[in-house]
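Trainee: Okay, here's the structure, questions in a sec.
Each value in this text was obtained by applying a stated rule to the coordinates, not by laboratory testing. Fair warning: this is a prediction, and the values are worked out from it, not measured in the lab. Note that we place each Cβ from the backbone using ideal geometry, even for glycine, and neighbour counts take in every protein chain shown.
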Number of protein chains: 2
Amino acid sequence: MKRPTIADVARHAGVSKGAVSYALNGQPGVSEATRQRILAIATEIGFSRSNAARALSAATAGAVGLALCRPARTLGIEPFFMALISGVEAELSARSYALTLQVVADPDAEIAVYRRWWGERRVDGVLVCDLRTDDLRIPALEQLQLPAVVIGGPGGTGDLSSLWSDDEAALTETVEYLVALGHRRIARVAGLPDLRHTEIRTDAFAALCQRLGLLDAVTVWSDYTGEEGGRATRRLLSSAHRPTAVIYDNDVMAIAGLSVAQEMGLTVPGDLSIVAWDDSPLCRLVHPPLTALGRDIPAYGAHAARQLLAIIAGEPASRVQDETPQLTPRGSTAPPRGR
Amino acid sequence: MKRPTIADVARHAGVSKGAVSYALNGQPGVSEATRQRILAIATEIGFSRSNAARALSAATAGAVGLALCRPARTLGIEPFFMALISGVEAELSARSYALTLQVVADPDAEIAVYRRWWGERRVDGVLVCDLRTDDLRIPALEQLQLPAVVIGGPGGTGDLSSLWSDDEAALTETVEYLVALGHRRIARVAGLPDLRHTEIRTDAFAALCQRLGLLDAVTVWSDYTGEEGGRATRRLLSSAHRPTAVIYDNDVMAIAGLSVAQEMGLTVPGDLSIVAWDDSPLCRLVHPPLTALGRDIPAYGAHAARQLLAIIAGEPASRVQDETPQLTPRGSTAPPRGR
DNA sequence: CTGAAAGCGCTTACAG
DNA sequence: CTGAAAGCGCTTACAG
């Protein structure tokens, strides 16, 4: 099939190519009547604007980039990313932007991808995930002046726009809930230690437990995989003063922790209460269903996308706090059985 | 930052823009020495080719499209898609192709996306998932003459290329294994009934069970969600002649089934054996770990991507049978407890 | 093996 | 409000 071009529309409408372009872009330069006629003809002959030509002359790619920098095995299993992507994508496609996705091995490779995207004019901006402490991607993006929204923070995002949720508040709510149930020995299985939000949660947990006088509070680090989450749980439950409640930094590790508890002959929630961060359908899949900290992740992604499109449109950088995760109590938490 | 263009490289190298283009594309027209010199200069001044300009003049988008047509809630939770995407992406980025992702609501919307991508010259080809019976996307893509690889089959893919795994063989291996363990009442919780691979599995299951004289063999349909998988399991386990083994069409439903069995006071594998299709880390997360039919899904995605790139490069359509899923026995299957 | 030039399909100042 | 024209940064026949 031969694709119609703007010249075909112009010929059919009896106007110049320029007029068609103005009509298509909703810009002044054509009368409303002419605009409508041009648009109708464009639809009629099945015209779509060539993205390449538009990208070249208008210096806009019509696409937004997302580089995902976790090992493939972690990526696949956490529902978080797919949920985020679906939200991002919904917002982008409503505004006729495409989403370009790339999986990278490490932050250096990710920076290389940003440079290439910038050089190739592949994307008009990027969404940055998994903010780290002293994240080298931030100065790299600042230097490229590539529009970007960092999904993470607050803090550590330089002059770039950012979007985050109040993990400190969510953690506080969770710990206070567990304390109200009667727990005094609470542990936490954290995600990768150099991620900024892990750091925020760890600091908040330490400070809060000290304030509440929970001396046995301990954080152990993991990598978000079920394997590591299970191992960490096994270690925790084997210690002399084993915790009566564990907070996990993601759903997958929490489910692995539940299995380990069952395997060690402990009942949940009788012997051990479990809370999962990042509520997902997985949490309702297991028995007992997991108490979890949830938020609307597709909406989170949609907000980030909208924020990025605003910056691409020329608005100044912004820092936005999104919805705070809410605790949904389910069957995995209860008062500790008296011992 | 000002982006260097091909003209800058040409000036630095003291050659014409055409020569730089030939050097970049590895085409005859420049001597090997000149090519090396041009490439070195390009790297030195940080040149990347504008994708827009290349797309416009070479009539190639440098991108491949993937439209995902499941509701967001199913998408996020099944590890399958992320694993597939990571494999696709690895293959594409190794050949400097980008992956354009779009989430769509239904097959009609998906066809509209293909038309738009074609009209905008956004992608050079597409990967088609979730092949259905009488799939309208097939004639639409044939009409557009948009290069495509259908991940699914065999059959029902018209003149398009396709890639599939032998689900009939995998199902047969599984049923024979369960029968060897002593199971006679085997049920199957299937995915969406209008998906081609569900149909293939259902037909194979019915034929095989009849051949083996398993008269209670029953297939119930579901939608891949844990919720529906759990409901189907509850129904099966409440029937007078409840099955002693259930085969699930995905990992998520199998885990939900396990929870339901536990909730109903049945032990797995003592009272009920469970097999999950699409082995994933989730299957090893639960207790007992699930016996599962697995294959290398990133490799599957990579193969599909490679096949598509070959077609884009002008090779004829091909139909390829990929690796057959392998059964990995774990703790969720055993001989049925005598009753 | 190399250079000059047309052309891909748009957008956008610039005249009218 | 509209038209003619330059230009975006490449690729690719076409001459030399």
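Trainee: Given the options B:HIS241, B:HIS287, B:HIS183, state which has the largest fluctuation in a GNM of chain B using a 10 Å cut-off (strictly under) for Cα springs.
Mentor: B:HIS241
Trainee: In whole angstrom, how far apart do the alpha carbon centroids of the range B:12-49 and the range A:1-33 sit?
Mentor: 38 Å
Trainee: Only helical DSSP H runs with n ≥ 4 go in: add -39500 (n - 2.57) per run for chain A, normalise by residue count and round the 222 nm mean residue ellipticity to 500 deg cm²/dmol.
Mentor: Mean residue ellipticity at 222 nm (helix-derived): -14500 deg cm²/dmol.
Trainee: Quick one: compute the contact order of chain B, relative version, from alpha carbon pairs under 8 angstrom and 6+ residues apart, as a percent.
Mentor: With pairs under 8 Å counted, the relative contact order is 17 percent.
Trainee: Continuing with this model, one more query. For the range B:244-272 and the range A:276-339, what is the separation of their Cα centres, given in Å?
Mentor: Result: 28 Å between the Cα centres.
Trainee: Then there is this: With charges only on Cβ, +1 for K and R and -1 for D and E, what is the dipole size of the protein assembly as shown about its Cα centre, in debye, rounded to 20?
Mentor: Using Cβ point charges on Lys, Arg, Asp and Glu, the protein assembly as shown gives about 800 debye.
Trainee: Ok, one more. Placing +1 at every Lys and Arg Cβ and -1 at every Asp and Glu Cβ, with all other atoms neutral, what dipole size does the range B:6-49 have around its Cα centre, in debye to the nearest 20?
Mentor: So the magnitude is around 80 debye.
Trainee: Along Cα→Cβ at 7 Å, what distances in nm separate the B:MET264 label point from those on the other copies, shortest first?
Mentor: Shortest to longest, the spacings are 3.2 nm.
Trainee: Over what distance in Å are the Cα centres of the range A:156-177 and the range B:72-138 separated?
Mentor: The two parts, judged by their Cα centres, are 34 Å apart.
Trainee: Mind checking which of B:SER165, B:ALA13, A:LEU163 is farthest towards the positive end of the protein assembly as shown's charge dipole, using Cβ charges of +1 (Lys, Arg) and -1 (Asp, Glu) about the Cα centre?
Mentor: Going by the Cα projections, it comes out as B:ALA13.
Trainee: Hey, another quick one. Shortest first and in nm with one decimal, please list how far the B:THR43 label point sits from its counterparts in the other copies (point 7 Å along Cα→Cβ).
Mentor: Output for B:THR43: 5.3 nm, nearest copy listed first.
Trainee: Pick from B:LEU146, B:LEU24, B:LEU327 the residue whose mean-square fluctuation is largest in a GNM of chain B, springs joining Cα atoms under 10 Å.
Mentor: B:LEU24
Trainee: Follow-up question, since we're still on this one. Hey, what did the range A:1-52 get for relative contact order, percent, Cα under 8 Å, at least 6 apart?
Mentor: About 42 percent, as a whole number.
Trainee: Just want the answer: with Cβ charges of +1 for Lys and Arg and -1 for Asp and Glu, which residue in B:PRO147, B:LEU131, B:PRO107 is farthest toward the dipole's positive end in the protein assembly as shown?
Mentor: Final value for the positive-end residue is B:PRO147.
Trainee: Continuing with the same structure: Would you mind computing the Rg to Rh ratio of chain B from its alpha-carbon coordinates, Kirkwood style for Rh?
Mentor: 1.11
Trainee: List the lysines whose Cα lies under 28 Å from the Cα of A:LYS17, skipping any in the same chain that are fewer than 8 positions away.
Mentor: A:LYS2
Trainee: Partner chain Cβ atoms within 10 Å, averaged over the residues of B:258-265 - can you pull that number for me?
Mentor: That average works out to 2.
Trainee: Go ahead and set up a Gaussian network model of chain A, Cα springs under 10 Å, then flag whichever of A:PHE205, A:PHE81, A:PHE47 fluctuates most.
Mentor: A:PHE47
Trainee: If you don't mind, there's one more thing I want to ask. Hey, fewest Cβ within 10 Å first, where do A:ILE77, B:ILE45 land in order?
Mentor: Taking fewest neighbouring Cβ atoms as first place, the list is B:ILE45, A:ILE77.
Trainee: If a/c stays under 1.5 just call it rounded; otherwise compare a/b with b/c (prolate if a/b is bigger, oblate if not). Do that for the range B:167-294, with a ≥ b ≥ c from the square roots of the Cα gyration tensor eigenvalues.
Mentor: rounded
Trainee: Quick query: amide H of A:ASP124 versus all other amide H atoms, modeled in the peptide plane; which residues come in under 5 Å with a sequence gap of 5 or more or a different chain?
Mentor: A:ALA61, A:GLY62, A:ALA63, A:VAL64, A:GLY65
Trainee: How far is B:VAL220 from the same spot in each other copy, in nm, shortest first, if each label point sits 7 Å from Cα toward Cβ?
Mentor: Computed spacing set for this position: 3.9 nm.
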